[in-house]
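The values are calculated or read from the model by the stated rules, or taken from the named source; none is laboratory data. Remember, it's a predicted structure, so these values are computed and weren't measured experimentally. Note that we place each Cβ from the backbone using ideal geometry, even for glycine, and neighbour counts take in every protein chain shown.
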Ligand SMILES: NC(=O)c1ccc[n+]([C@@H]2O[C@H](COP(=O)([O-])OP(=O)(O)OC[C@H]3O[C@@H](n4cnc5c(N)ncnc54)[C@H](OP(=O)(O)O)[C@@H]3O)[C@@H](O)[C@H]2O)c1
């Protein structure tokens, strides 16, 4: 049986990587979709791929007016929302000396403030049986000197999920998070690095991982489906690590 038959699912950052792989899996499982992104080419390609089954919108995840419009358009098209997957994020990697105020503000604006207010504003469309899923990152659990602000923003999300789970469960709405390790996505491939540095970073991370490779976006999408569906009906306020074991590694 399809796990999301007849459900309405909104995925932020649904035009690339983990979000796009999850959109494909949710669609296979019977959901109708609302997907967001920023890049016009990726929005057009995603809209063409899903046709009548998805509303694909340009929506800046940290902009409250865009969030209002996103919720209004979801309501106008479908009248309700069953699954909210908050997945769009910015990374802005830099060691402490290179972090600017603008970089700091962008990360917290998109990754924390935007996600909080998207939940707040989408809640009136959700009801008993609703599921909210948030993408965090292993950088919120491990020290990561080149991702200090990003990791801190994801740690804030982990905390929000715990608090909001208690606020939302009386309404029958569950919120949980997925904590990926390295995933081979468009976002990773588009990191502004020379090709040889890119390959070296990938080889280094894979070599340190117990499983010796990156995840595919599809492997993360399967966990998103678990948390979005009734298969996880008794899972509340949890963070599921999906990292091939890399956070268990204790380096000498
Ligand atoms: N890849 C990894 O190794 C990894 C590891 C741990 C956690 N994660 C988390 O997984 C999630 C997805 O990452 P990914 O690797 O799949 O990235 P991706 O391939 O770059 O996709 C990111 C998606 O989010 C959208 N997006 C980014 N910033 C946005 C903004 N400010 N407003 C609206 N949409 C925005 C992008 O749209 P545009 O392309 O149009 O901007 C795109 O659709 C993120 O939360 C990330 O932190 C990734």
Contact list please: Cβ distance under 9 Å, first residue in segment 184-208 and within 25 Å of residue 13 (Cβ to Cβ) and not assigned by TED's automatic domain parsing to the domain that holds residue 94, second residue assigned to a loop (DSSP other than H, G, I, E, B) and away from the ligand (no atom under 14 Å from the Cβ), pairs at least six apart or on different chains.
206/212
Evaluate segment 2-15: report whether one residue or more is in a helix (DSSP H, G or I) and either near the ligand (Cβ under 8 Å from one of its atoms) or not assigned by TED's automatic domain parsing to the domain that holds residue 189 (or both).
no
Is it true that residue 23 is assigned to a helix (DSSP H, G or I), surrounded by fewer than 17 Cβ atoms within 10 Å (Cβ to Cβ), more than 6 Å from the ligand (Cβ to nearest atom) and assigned by TED's automatic domain parsing to the domain that holds residue 230?
no
Would you pick out the residues in segment 63-82 that are within 16 Å of the ligand (Cβ to nearest atom) and either crowded, with 22+ Cβ neighbours inside 10 Å or in a helix (DSSP H, G or I) (or both)?
64, 65, 66, 67, 68, 69, 70, 71, 73, 74
For the subset of segment 87-119 comprising residues that are farther than 15 Å from residue 155 by Cα, within 16 Å of the ligand (Cβ to nearest atom) and outside any helix (DSSP H, G or I), which member is modelled with the highest pLDDT?
88
So residue 179 passes all but one of these: (1) near the ligand (Cβ under 10 Å from one of its atoms); (2) closer than 21 Å to residue 7 by Cβ; (3) assigned to a strand (DSSP E or B). Which condition number does it fail?
(2)
If I go through segment 105-121 residue by residue, how many of them are under 17 Å from the mean Cα position of the chain (by Cα) and surrounded by fewer than 21 Cβ atoms within 10 Å (Cβ to Cβ)?
8
Any residue at all in segment 126-141 that is surrounded by fewer than 18 Cβ atoms within 10 Å (Cβ to Cβ) and assigned to a helix (DSSP H, G or I)?
no
Counting only residues that are part of a helix (DSSP H, G or I) and touching a residue at least 24 places away in the same chain (Cβ under 8 Å), which one in segment 142-151 is farthest from residue 246 (Cα to Cα)?
149
Subset of segment 201-238 (residues that are away from the ligand (no atom under 16 Å from the Cβ) and in contact with a strand residue (DSSP E or B) (Cβ under 6 Å, 6 or more places away or on another chain))
235, 236, 238
Contact list, first residue from segment 52-72 and under 15 Å from residue 124 (Cβ atoms), second anywhere and more than 8 Å from the ligand (Cβ to nearest atom) and modelled with pLDDT of 95 or more, beta-carbon distance below 6 Å, six or more apart or interchain, is 67/117; 67/118; 67/121; 71/121; 71/122
